[in-house]
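Here is the structure we will look at, set down as structure tokens.
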Amino acid sequence: MTATAKPQLNPALKLALDLGPLVLFFFANSRYGIFAATATFMVAVLAALAASYALTRHLPIMPVVTAIIVLVFGGLTLILHNETFIKIKPTMLYALFGAVLLGGLLFGKSLLGVLFDSLFHLTEEGWRKLTLRWAIFFFALAVLNEIVWRNTSTDTWVNFKVFGFLPLTLLFGALQYPLLQKYAAAPAPAKE
């Protein structure tokens, strides 16, 4: 008996659903300010989740966690009319991702292996090293967000959020390619 594969989104559509809310946040901030941008971001994140679920009938855990944090910190920003909450949202999100990845390693489980096993086939050592690298990277992004929002204007922080964090993340991901090659494992045979 074969397990039914989960429907997958077209990569371009997945990218649009992942980046769309951030792009809308950037444009709303440039036109209407941080509070309108925060409300736009919250609605866009929910719309992206709904579209993803409608197309695949499942929700990946990372976008759900991200949405919850966006709604909590965005809600606090709007209710208290204090932009600090939306500014610390990335810090909390990156620190949470880093802590979860490190926590998994402490309990002998590479959570990246669980999330991405269908995309990459690595040895246990490879998953451990990749997970540790991403955990450290997420902590570094949390610290960087704190430095940027505390020392720059809101508009500069929004620009860095869009044009700084995303390229840094893509570059860091690309730099992991040698590790993916070095620790590549043969895919498990399909079960019949």
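The values are calculated or read from the model by the stated rules, or taken from the named source; none is laboratory data. Just so it is clear, the model here is predicted, and its values are computed rather than measured. Please note: Cβ atoms are built from the backbone with ideal geometry, for glycine as well, and neighbour counts cover all protein chains shown. The accessibility values were calculated without ligands, DNA or RNA, using every heavy atom of the protein model including side chains. Shrake-Rupley method; radii C 1.70, N 1.55, O 1.52, S 1.80 Å.
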Taking the Cα centre of the chain as origin and charging only Cβ (+1 Lys, Arg; -1 Asp, Glu), how large is the dipole, in debye to the nearest 20? 60 debye
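Do any trypsin sites (Lys or Arg not before Pro) in the stretch 131-192 lie in a loop, going by DSSP, with at most 10 other beta-carbon atoms within 10 Å of their beta carbon, and if so which?
Hits after loop and neighbour filter: Lys191.
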Built amide H within the under 5 Å cut-off of Leu122, gap 5+: Ala185
Of the accessible area of the stretch 53-192, with the probe set at 1.4 angstrom, what percent is carbon plus sulfur? 70 percent
The stretch 1-96: trypsin sites (Lys or Arg not before Pro) in DSSP loop, at most 13 other beta carbons within 10 Å: Arg57
How much length is gained on full extension from Thr56 to Thr84, taking 0.36 nm per residue of separation minus their Cα-Cα distance? 6.6 nm
Give me the accessible area per residue for the chain, probe 1.4 Å, as a whole number in Å². 60 Å²
So Asn151 and Leu19, fully extended at 0.36 nm per residue minus their Cα-Cα distance, gain in nm 45.0 nm
By how many degrees, between 0 and 90 and to the nearest 10, does the Cα long axis of helix 34-56 differ from the longest principal axis of the chain? 30 degrees
Enumerate by residue number the chymotrypsin sites (Phe, Trp or Tyr not before Pro) in the stretch 1-107 meeting two conditions: DSSP loop (anything except H, G, I, E, B), and at most 15 other Cβ atoms within 10 Å of the site's Cβ. Phe107
What spacing in nm lies between the two simple spin-label points modelled at Leu71 and Glu125, each 7 Å away from Cα in the Cβ direction? 4.4 nm
